Amino acid sequence: MKSLSLPLLLLMGACAAAAPRSAEQRQQDQAAAICRQDVERTMRFRDRGQLMRTDEAESRLGAGSFTGARDGSMGTERLSAQFERDQMIDSCVRGATNASAATRSPGTAGAGTGRSP
């Protein structure tokens, strides 16, 4: 009986429904998705320009002489582009989070107006 109880508990835990997400969490997820989409569009535009330069160089110098041998690992350019993409997404999400926090709580920017010193 003991041998069946552990798998049964694991199965019941796996079938449990996930906790419902709050409105703020859904809004953050939506902002992150929008940021990801915008950054991906920007990176594709940049990559297209780099690809054109690489193609032109390969057509003049021959394939492989410009780009070097690829061993299947992630190249420095791709790794730095991925890092830059992640940084841009994080920056965009932080900006969206700060903007939404500012609209919810305007703070003390207007405090003290209407008073004379």
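None of the figures in this text is laboratory data; all of them are computed from the coordinates on show. Only a predicted model underlies this, so the values are computations on that prediction, with no experimental measurement involved. Note that each Cβ is placed from the backbone with ideal geometry, even for glycine, and that neighbours are counted across all protein chains shown.
Details
- When peptides 82-92, 48-58 are ranked by their average number of other Cβ atoms within 10 Å per residue, the highest-first order is 82-92, 48-58.
- Order of Ser22, Ser100 - criterion: other Cβ atoms within 10 Å of each residue's Cβ, fewest first: Ser22, Ser100
- Shown in residue order for the range 82-97 are the 3J(HN,Hα) couplings computed by the Karplus curve 6.51 cos²θ - 1.76 cosθ + 1.60 at θ = phi - 60°: 5, 5, 4, 4, 5, 5, 5, 5, 4, 5, 5, 5, 4, x, 5, 5 Hz (x for Gly and Pro).
- Computed over neighbours whose Cβ is under 12 Å from that of Arg36, the net charge equals -3, Lys and Arg +1, Asp and Glu -1.
- Fully extending the segment from Arg85 to Arg53, taken as 0.36 nm per residue of separation minus the present Cα-Cα distance, adds 9.5 nm.
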